[in-house]
Amino acid sequence: MRTIDWVDGAIELVDQTLLPHRLEQRRVTDLPDLISDIQRLAVRGAPALGVAGAMGVALIAANVAAGGTSADGSAAVALDRDEVVRQAHLLREARPTAVNLSWGVDRALTRLDEGAAAILEEALAIRDEDIAACISMGLRGADLTRELTGKDPVRVMTICNTGGLATVERGTALGVIQTLLEQGSLAEAFPLETRPLLQGARLTAWELQRMGAPFRLLIDSAGPFLLSRGIADAVFIGADRIAANGDSANKIGSFSLALAAQHAGVPFIVVAPESTVDMKTASGADIEIEDRGVDEVAGFGGTRTAPEGIGAVNPAFDVTPHELITAIVTERRIIRPGSGETLATVPLEPLRS
Ligand code: MRU
């Protein structure tokens, strides 16, 4: 099953708001629906957002081409370039923190002059590259984990959802956990529930169960304490944007895990594709953090849990400083910021498969 794909002229995506109770695909045929699906997290996770961005431009181009008419009322032959760019800009802004969304939009737009079919071709290439990247990250990450921990099998902690649901097929940090499982090297996984939207409890637990992994779910605030008690040998997280200096934005709660991992002497590993690396952003201080407002904090599933009329600060992400990151694993390399390596100097290697 693919989390997001292009099928018969439209985007099909798994509606992640319905999981784990219902596994349903939605067909998205226009831009307002796609933006709404991104903002309500029907489709989410940085790499999946990159594919959504690129396929979204393909959808825009197809719709603009189909709706275009010339002055005499006949179907227009050329794509209205400005209109595609205008709509693509709206898509780009749908969520601010994951750089993959704007990266996917911009990469698809590089084919604008060649027309709608070329834009779709680029979007499909991004989809296929994501599938290959996740396989490579899984293999690199599994080897690195055994090397850094000196353990086999290993016990790992993770936050949010970084599995197949956050990518096209297989996942980043959770993809490493799946690879460890397939290689007989996973003792147990400890996903955090990930308040307020429970991506860990709803999505990661669902994925771990489907893959047959041994795991137990933790409440978020138990993670740092249990690391100090030696419950896990390594922490894996994904990333929404990795700044040039290695500072990494990811789901809120990641920073606390990094601090606790350092305290416990446990490797803290960021797993993300090269498309999440943003060399134009110098450091974590420059990363825009999405605030998702009061309602997600003051209630859940339509039930109010806090008094009416209160305010809340609700950052969806935090930033882990590079000093706390033992290693960043991408499909093409491993960077060890904790040992002074930088994204600018570690060379790219071939994909692993
Ligand atoms: O708000 P979300 O669910 O989109 O947040 C997702 C995360 O923080 C993931 O860890 C990140 O995008 C990496 S997904 C492989």
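Let's see how each residue does on (1) under 18 Å from Gly238 (Cα atoms); (2) outside any helix (DSSP H, G or I); (3) touching a residue at least 40 places away in the same chain (Cβ under 8 Å):
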position	(1), (2), (3)
Pro96	yes, yes, yes
Leu124	no, no, yes
Asp130	yes, no, yes
Ile135	yes, no, yes
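Would you mind finding the one in Gly171, Gly223 that is buried (at least 20 other Cβ atoms within 10 Å of the Cβ), over 19 Å from Arg44 (Cβ atoms) and within 16 Å of the ligand (Cβ to nearest atom)?
Values: Gly171 fails: over 19 Å from Arg44 (Cβ atoms).
Matching residue, one of Gly171, Gly223: Gly223.
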>> Just to be sure before I move on: is Thr179 over 23 Å from Glu323 (Cα atoms), of a type outside the set (D, E, K, R) and assigned to a helix (DSSP H, G or I) in the structure I sent?
In response: yes
> Is it the case that some residue within the range 295-306 is closer than 24 Å to Ser136 by Cα and of a type in the set (Val, Ile, Thr)?
Replying inline: no
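Here's the yes/no breakdown for (1) crowded, with 16+ Cβ neighbours inside 10 Å; (2) assigned by TED's automatic domain parsing to the domain that holds Ile219; (3) within 15 Å of the ligand (Cβ to nearest atom):
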position: Glu93; (1), (2), (3): no, no, no
position: Leu101; (1), (2), (3): yes, no, yes
position: Glu114; (1), (2), (3): no, no, no
position: Ile119; (1), (2), (3): yes, no, no
position: Glu122; (1), (2), (3): yes, no, no
position: Val156; (1), (2), (3): yes, yes, yes
> What's the number of the condition Thr303 fails, among (1) in contact (Cβ under 8 Å) with a residue 40 or more places away in the chain; (2) among the β-branched types (Val, Ile, Thr); (3) more than 28 Å from Arg127 (Cα to Cα)?
Replying inline: (1)
> Any idea which of (1) modelled with pLDDT of 95 or more; (2) of a type in the set (Gly, Ala, Ser); (3) touching a Ser or Thr at 6+ places or on another chain (Cβ under 8 Å) is the one Gly338 doesn't satisfy?
Replying inline: (1)
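Condition check: touching a Leu at 6+ places or on another chain (Cβ under 9 Å) and of a type in the set (Val, Ile, Thr). Does Ile269 satisfy that? Before you say what the answer is, go through the steps one by one.
Details: touching a Leu at 6+ places or on another chain (Cβ under 9 Å): yes; of a type in the set (Val, Ile, Thr): yes.
Here the answer is yes, as Ile269 does meet what is asked.
Restricting attention to the range 34-51, and to residues there that are of a type in the set (D, E, K, R) and surrounded by fewer than 24 Cβ atoms within 10 Å (Cβ to Cβ), which single residue is farthest from Ser102 (Cα to Cα)?
First pass over the range 34-51, keeping only residues of a type in the set (D, E, K, R): 37, 40, 44.
Narrowing further to those that are surrounded by fewer than 24 Cβ atoms within 10 Å (Cβ to Cβ): 37, 40.
Details: Asp37: 16, Arg40: 18 Å.
Applying the filter and picking the extreme gives Arg40.
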>> Among the residues of the range 139-164, what is the count of those that are in a strand (DSSP E or B) and of a type outside the set (Ser, Thr, Tyr)?
In response: 5
>> For the range 307-333, give me each residue that is buried (at least 23 other Cβ atoms within 10 Å of the Cβ) and among the acidic types (Asp, Glu).
In response: Glu331
> Under the condition of being among the small types (Gly, Ala, Ser) and touching a helix residue (DSSP H, G or I) at 6+ places or on another chain (Cβ under 6 Å), which residue from the range 262-306 is surrounded by the fewest Cβ atoms within 10 Å (Cβ to Cβ)?
Replying inline: Ala306
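With the structure loaded, tell me whether Thr158 is under 28 Å from Gly293 (Cβ atoms) and β-branched (Val, Ile, Thr) or whether it fails that test. It would help to see each step written out before you state the result.
On the way: under 28 Å from Gly293 (Cβ atoms): yes; β-branched (Val, Ile, Thr): yes.
In short, yes.
Does Glu193 satisfy being surrounded by fewer than 19 Cβ atoms within 10 Å (Cβ to Cβ), away from the ligand (no atom under 12 Å from the Cβ) and free of Cβ contacts under 8 Å to residues at least 40 places away in the same chain? If you could, list the steps in order and put the result at the bottom.
Values: surrounded by fewer than 19 Cβ atoms within 10 Å (Cβ to Cβ): no; away from the ligand (no atom under 12 Å from the Cβ): yes; free of Cβ contacts under 8 Å to residues at least 40 places away in the same chain: yes.
Answer is no for this residue.
The values are calculated or read from the model by the stated rules, or taken from the named source; none is laboratory data. The model shown is predicted, which means the values in this text are computed figures rather than measured ones. Ideal geometry is used to build each Cβ from the backbone, glycine not excepted, and the neighbour counts take in all protein chains shown.
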